[in-house]
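Colleague: This is the structure I want to talk about, given as structure tokens.
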Amino acid sequence: MSDASETIVIRPAVRAFYGRLIVLFLLLAGGLSAPAGVSWLAGQDAEFLQRIAATSPQLPLLGETGVGMLGMATGILGALIVTLWITLSRYYFTWTLHPDYMHASIGLVANKERAMYYENARIPTIRRGIVDRLLLVGSLEVSSSGGGDEGEFHMQHVSNPKRLKRLLMERIEAARARN
């Protein structure tokens with residue numbers, strides 16, 4: 001385990017965004033296979049499909065562009081947008097475990113911050129579904145004694161929540177033993 005005096009920074013695990021990762025893969029695969037798909041359409045017997053493959057729309061800034069190139073550009077642009085979405089989602093939440101307290105920072109520009117001393121924390125609770133269990137991710141919730149809804153810490157999509165729960169329990173027990 002780690003030393004109770006060290007500060008640990010926690011962010012959501014990338015693998016927890018498996019839905020977005022699947023969309024990213026599909027966009028990349030579709031975009032990169034678009035020229036091959038257009039070639040396949042051109043080889044079909046149906047005249048309608050051949051006309052679609054031969055279409056070259058005139059676009060501003062790009063000029064005359066084939067359907068295959070347009071499909072590839074759309075897929076790659078979509079993949080870049082999903083990659084940005086995953087990255088922003090990962091850095092939106094930051095949880096820091098200091099030696100005496102936990103600190104949460106939520107947001108990129110206008111942060112919402114909160115802190116909770118370990119002696120005020122209750123037993124952490126892990127929440128995760130079947131896919132989360134397979135990917136070793138989950139959400140860890142820590143409530144404070146008498147804190148109401150504002151006293152809750154929700155660590156979403158964290159990697160290995162069981163290990164994190166053990167670490168938090170060690171720090172909570174150490175803080176209670178000091179008092």
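The values are calculated or read from the model by the stated rules, or taken from the named source; none is laboratory data. This one's a predicted model, so the numbers in the text were calculated from it and none came from an experiment. Heads up, the Cβs are rebuilt from the backbone with ideal geometry, glycines too, and the neighbour counts pull from every protein chain shown.
Colleague: When you go through 15, 11, 90 one by one, which is the residue that is among the basic types (Lys, Arg) and under 30 Å from residue 176 (Cα atoms)? Give the derivation first.
Modeller: On the way: 15 fails: under 30 Å from residue 176 (Cα atoms); 90 fails: under 30 Å from residue 176 (Cα atoms).
The match here is 11.
Colleague: Hey, any hits in the stretch 89-100 for a residue that's polar (S, T, N, Q) and at positive phi?
Modeller: No, because not a single residue in the stretch 89-100 is polar (S, T, N, Q) and at positive phi.
Colleague: Sticking with this structure for a sec: Pick from 62, 70: which is over 26 Å from the mean Cα position of the chain (by Cα), modelled with pLDDT under 95, surrounded by 17 or more Cβ atoms within 10 Å (Cβ to Cβ) and not assigned by TED's automatic domain parsing to the domain that holds residue 155? Let's see the steps before the verdict.
Modeller: Working: 62 fails: surrounded by 17 or more Cβ atoms within 10 Å (Cβ to Cβ).
70 is the lone residue from the list that is over 26 Å from the mean Cα position of the chain (by Cα), modelled with pLDDT under 95, surrounded by 17 or more Cβ atoms within 10 Å (Cβ to Cβ) and not assigned by TED's automatic domain parsing to the domain that holds residue 155.
Colleague: Could you run through the stretch 38-81 and say how many residues are farther than 30 Å from residue 15 by Cβ and assigned to a helix (DSSP H, G or I)?
Modeller: Residues in the stretch 38-81 being farther than 30 Å from residue 15 by Cβ and assigned to a helix (DSSP H, G or I): 17 in total.
For (1) out of contact with any strand residue (DSSP E or B) (no Cβ under 9 Å at 6 or more places or on another chain); (2) of a type in the set (Val, Ile, Thr), each residue gets a yes or a no:
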residue: 109; (1), (2): yes, yes
residue: 112; (1), (2): no, no
residue: 117; (1), (2): no, no
residue: 121; (1), (2): no, no
residue: 124; (1), (2): no, no
residue: 129; (1), (2): no, no
residue: 133; (1), (2): yes, no
residue: 140; (1), (2): no, no
residue: 143; (1), (2): no, no
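Colleague: Only one residue in 70, 27, 62, 21 is farther than 30 Å from residue 170 by Cβ, of a type outside the set (Lys, Arg) and free of Cβ contacts under 8 Å to residues at least 24 places away in the same chain. Which one? Before the answer, list the steps.
Modeller: Working: 70 fails: free of Cβ contacts under 8 Å to residues at least 24 places away in the same chain; 27 fails: free of Cβ contacts under 8 Å to residues at least 24 places away in the same chain; 21 fails: free of Cβ contacts under 8 Å to residues at least 24 places away in the same chain.
Step by step, each of 70, 27, 62, 21 is checked, and only 62 is farther than 30 Å from residue 170 by Cβ, of a type outside the set (Lys, Arg) and free of Cβ contacts under 8 Å to residues at least 24 places away in the same chain.
Colleague: Might you check whether a residue that is over 24 Å from the mean Cα position of the chain (by Cα) and either among the hydrophobic types (A, V, I, L, M, F, W, C) or modelled with pLDDT of 95 or more (or both) occurs anywhere in the stretch 121-142?
Modeller: Yes, that holds for at least one residue.
Colleague: Among the residues of the stretch 11-28, is any over 34 Å from the mean Cα position of the chain (by Cα) and over 21 Å from residue 79 (Cβ atoms)? First the steps, then the outcome.
Modeller: Narrowing the stretch 11-28 to residues over 34 Å from the mean Cα position of the chain (by Cα): none.
No, the conditions are met nowhere in the stretch 11-28.
Colleague: I'd like the full set of residues that are within 30 Å of residue 158 (Cβ to Cβ) and aromatic (Phe, Trp, Tyr), limited to the stretch 15-74.
Modeller: 17, 18, 25
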